[in-house]
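For reference, the structure is listed below as structure tokens.
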Amino acid sequence: MVDSEPGSEMARSELRASHDDRDRVVEVLRVSAGDGRLTAEELDQRLELALTARTYGELAKLISDLPASGSVTSVPATAPKPKEVARIDCTSGHVRRVDRWVVPQRMEVKVTSGHVMLDFTQAVITQPTLQLNIEVRSGHVVLRTKPGIVVDADDVAIRSGHVRVRAPWGPDVPELLRIEVTGKVGSGHFNAGPRPRTFWQWLTRQPQQYAITAR
């Protein structure tokens with residue numbers, strides 16, 4: 001009997017990786033760095049390689065020496081179907097979308113006086129763009145992003161509030177999701193970028209998450 005296992009494994013490692021595959025590896029690297037298994041320099045190098053990897057084999061090499069659940073070389077399950085439109089109307093209080101929430105095709109967010117936070121760091125992304133319309137009278141809309149997520153807020157009208165978008169990883173990272181923001185900000189605030197350092201991380205001079213290491 002001919003054993004086809006080695007050839008099968010080799011063929012699988014040459015399959016093209018998807019955005020979700022790269023996303024899973026990036027998360028493993030981020031967690032491992034937080035646990036102290038990777039230095040800031042190692043994290044920077046591996047993130048760059050992960051976001052430009054083309055095959056399962058290239059991704060698997062980046063976490064072969066790290067503990068991880070499952071295998072990145074396995075074929076992923078069918079992605080869930082996103083909603084066409086998701087609406088959030090916050091008059092007071094807090095609304096959060098965190099963890100493995102499915103990013104819809106379009107979102108409409110209205111904030112009268114409150115706080116809305118959309119965390120994309122672990123979100124399930126099934127399409128290349130998200131249309132986000134905001135109306136912020138008084139309050140905050142915050143987007144938590146990661147490398148590969150581009151936020152375009154050039155078409156937002158501002159009255160007396162402010163709009164701030166941060167992307168410390170630079171423009172050369174492959175694009176996973178483009179968030180096209182429209183709408184208006186009255187006396188409120190719109191912020192997009194990676195999670196800021198805690199006071200302890202700042203005090204101990206730990207590097208900003210996803211920050212580019214000087215070469």
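The values are calculated or read from the model by the stated rules, or taken from the named source; none is laboratory data. Because the structure is predicted, anything quoted here is derived from the model rather than measured. Cβ placement follows ideal geometry from the backbone for every residue including glycine, while neighbour counts extend to all protein chains displayed. These accessible areas exclude ligands, DNA and RNA; they are computed on the full protein's heavy atoms, side chains included. Shrake-Rupley method; radii C 1.70, N 1.55, O 1.52, S 1.80 Å.
Structure data summary
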| read-out | value |
| --- | --- |
| Only one of 170, 188, 183 that is more than 20 Å from the chain's Cα centre (by Cα) and over 28 Å from residue 81 (Cβ atoms) | 188 |
| Tabulated pairs, region 44-71, first closer than 11 Å to residue 29 by Cβ and at pLDDT below 85, second buried (at least 17 other Cβ atoms within 10 Å of the Cβ) and β-branched (Val, Ile, Thr), C-beta under 7 angstrom, 6+ apart or interchain | 66/28; 68/28 |
| Sole exception among (1) surrounded by 16 or more Cβ atoms within 10 Å (Cβ to Cβ); (2) part of a helix (DSSP H, G or I) for residue 66, by number | (2) |
| Failed condition for residue 107, given (1) of a type in the set (A, V, I, L, M); (2) open to solvent by 20 Å² or more (accessible area, probe 1.4 Å); (3) closer than 21 Å to residue 152 by Cα | (2) |
| Criterion (of a type in the set (A, V, I, L, M), at negative phi, touching a Lys or Arg at 6+ places or on another chain (Cβ under 9 Å) and open to solvent by less than 60 Å² (accessible area, probe 1.4 Å)) met by exactly one of 149, 158 | 149 |
| Scope region 143-165; condition in a loop (DSSP other than H, G, I, E, B), under 21 Å from the mean Cα position of the chain (by Cα) and without any contact (Cβ under 8 Å) to a residue 60 or more places away in the chain; matching residues | 145 |
| Flag for residue 168 being crowded, with 20+ Cβ neighbours inside 10 Å and not in a strand (DSSP E or B) | no |
